[in-house]
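Here is the structure we will look at, set down as C-alpha cells.
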Amino acid sequence: MLEVVFSDSEKGSMRLAKNYNAEAMSGGVIGYIGEKPAGAELEKYPEKNLEKQYEGQAIGKSPRDVVNIGFMLDVGDISGDIDGNERRSVFCKLWGRFNFDLKEQERFFEDQRQDMEKLLSAAKGGTPIRIWKSDAPYSACGFYYVCNILRDIDCSITVVSLPGFYSILGDGITEYSHWGEVGADKIYRFLPLEKQLTRTEKKIISDYWRNLMAENAPLRAVINGKAVSVPEDFYDFIILNNLPDNDFIMARFIGTLLGKYRIGVSDSWYAYRIEKMVEENKLIIVGNKDPLNPYGKVLRKAQ
C-alpha cells in the first residue's frame, strides 16, 4: 500500500503513523459514522466493531511507503511539469522570503521527482494506492492532479476524505481543515472512511484537472466541495475585513486569520497578498519587530 498525501507536514505525520507505537495509542476510541452497531450485531458481524479492529493500531508497513505529490497546486501556473520553471516560480513567490538557496530549492524539487516516480512505479506494478485528501485547496488540486497522471493506468485506488468535523468518543468533536492537523497517533482512526475510487470517478476527476489546466488561473479555491479557478485577489476580502485599526505585527495577524478562517489557505499566501497590498499602498510598513522573521514587519492601514 502506497500512501499519497499533499504536503511535507502531512508526509511527516503519515510516515510516523505507518508504524506508530500501538501502546501510545491505546487510550483513544474510534467514532462511528451514524449509530454504533448493537452488541448482538457486533457479535454477528465482527468486522463492524471498528473499536476492536483499529484501536491501538498503526497504519502499517514501512514509513518509506509514503509520497507527497504536488506543491501547492492551488497556486500559480499549472501548465507545465510538476517540477518545471512554472512551479519553481511559485516556489519563489511563496517561499522566497525564507531565503532558500538554490541547493535547497533543487533538493525540494528532487524530492518531488522521486515521489512522483515512486507513485507511477507503484501504480504500474500493481501496488494499491491510498490517497488522503481534504477540502483544503492544495489537497483538492493535488487529488485532481494524481487522478490525471494515473488516468490511463489500471490500478487500485482508495481515498480517505477528511471530514470537516469528526467525533471521537471521549474526545468530543474536533474540527480539521487538512490532514496536517491530524496527529500521527490519530490517523488510524479515519481508516473506516476509506472508499474505493472507480475508473469512472478517476476519469471525471482527471477531467476536472484538465479543465483547470486549460484555464490556468493564478489561483484555485474550493467552492461547494469542488476546486475552481478564481482571481488572485480572491481571499483579499478576508485580509481587508480583519485589518486592525492600530499598528499590527504581520505574524500575529496571519495567525489570527489562520485560526479564524479554517479554509486551508497557507500562511505564505496571506503573506504574499499582504506584501502586494504594501506595494499598492493599501498598507504601510512602520517598523520591524523581528528582522530575522520574514513575518516580523509592523504594518498599518494606509489613510
Margin query: Being modelled with pLDDT of 90 or more and either under 23 Å from ALA136 (Cβ atoms) or crowded, with 19+ Cβ neighbours inside 10 Å (or both) is true for just one of ASP8, ASP83. Which residue is that?
Written below: ASP8
Next item on the list: Tell me, yes or no, whether the range 230-244 has at least one residue that is farther than 21 Å from ILE284 by Cα, out of contact with any strand residue (DSSP E or B) (no Cβ under 8 Å at 6 or more places or on another chain), without any contact (Cβ under 8 Å) to a residue 24 or more places away in the chain and outside the structural domain of ALA136 (by TED's automatic domain parsing).
Entry: no
Next item on the list: Scan the range 248-259 residue by residue and report those that are surrounded by fewer than 16 Cβ atoms within 10 Å (Cβ to Cβ) and out of contact with any helix residue (DSSP H, G or I) (no Cβ under 9 Å at 6 or more places or on another chain).
Entry: ARG252, THR256, GLY259
Next item on the list: For the range 171-191, state whether one or more residues are free of Cβ contacts under 8 Å to residues at least 40 places away in the same chain, out of contact with any Ser or Thr (no Cβ under 7 Å at 6 or more places or on another chain) and in a strand (DSSP E or B).
Entry: yes
Notebook entry, point to check: Given the conditions (1) of a type in the set (Asp, Glu); (2) in a helix (DSSP H, G or I); (3) not assigned by TED's automatic domain parsing to the domain that holds HIS178, which single one is not true for GLU201?
Noted result: (3)
Notebook entry, point to check: Out of all the residues in the range 153-163, is one or more out of contact with any Phe, Trp or Tyr (no Cβ under 9 Å at 6 or more places or on another chain), among the aliphatic types (A, V, I, L, M) and in a loop (DSSP other than H, G, I, E, B)?
Noted result: yes
Next item on the list: Quick one: count up the residues across the range 209-237 that are among the β-branched types (Val, Ile, Thr) and touching a helix residue (DSSP H, G or I) at 6+ places or on another chain (Cβ under 6 Å).
Entry: 1
Check: Among ASP135, ASP115, which is the only one that is in a loop (DSSP other than H, G, I, E, B), under 17 Å from the mean Cα position of the chain (by Cα) and in contact (Cβ under 8 Å) with a residue 24 or more places away in the chain?
Finding: ASP135
Next item on the list: Among the candidates ARG262, ARG273, single out the residue that is in contact with a Ser or Thr (Cβ under 6 Å, 6 or more places away or on another chain), basic (Lys, Arg) and either buried (at least 17 other Cβ atoms within 10 Å of the Cβ) or touching a residue at least 60 places away in the same chain (Cβ under 8 Å) (or both).
Entry: ARG262
Notebook entry, point to check: Applying the selection to the range 135-149, what residues are in contact with a strand residue (DSSP E or B) (Cβ under 7 Å, 6 or more places away or on another chain) and not hydroxyl-bearing (Ser, Thr, Tyr)?
Noted result: ASP135, PRO137, ALA140, CYS141, PHE143, VAL146
Checklist line | Evaluation of ALA227 against (1) under 21 Å from the mean Cα position of the chain (by Cα); (2) assigned to a helix (DSSP H, G or I) (one fails), failing number | finding: (2)
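The values are calculated or read from the model by the stated rules, or taken from the named source; none is laboratory data. Predicted model only: the values in this text are computed from it and were never measured. Positions of Cβ are backbone-derived with ideal geometry, glycine not excepted, and every protein chain shown enters the neighbour counts.
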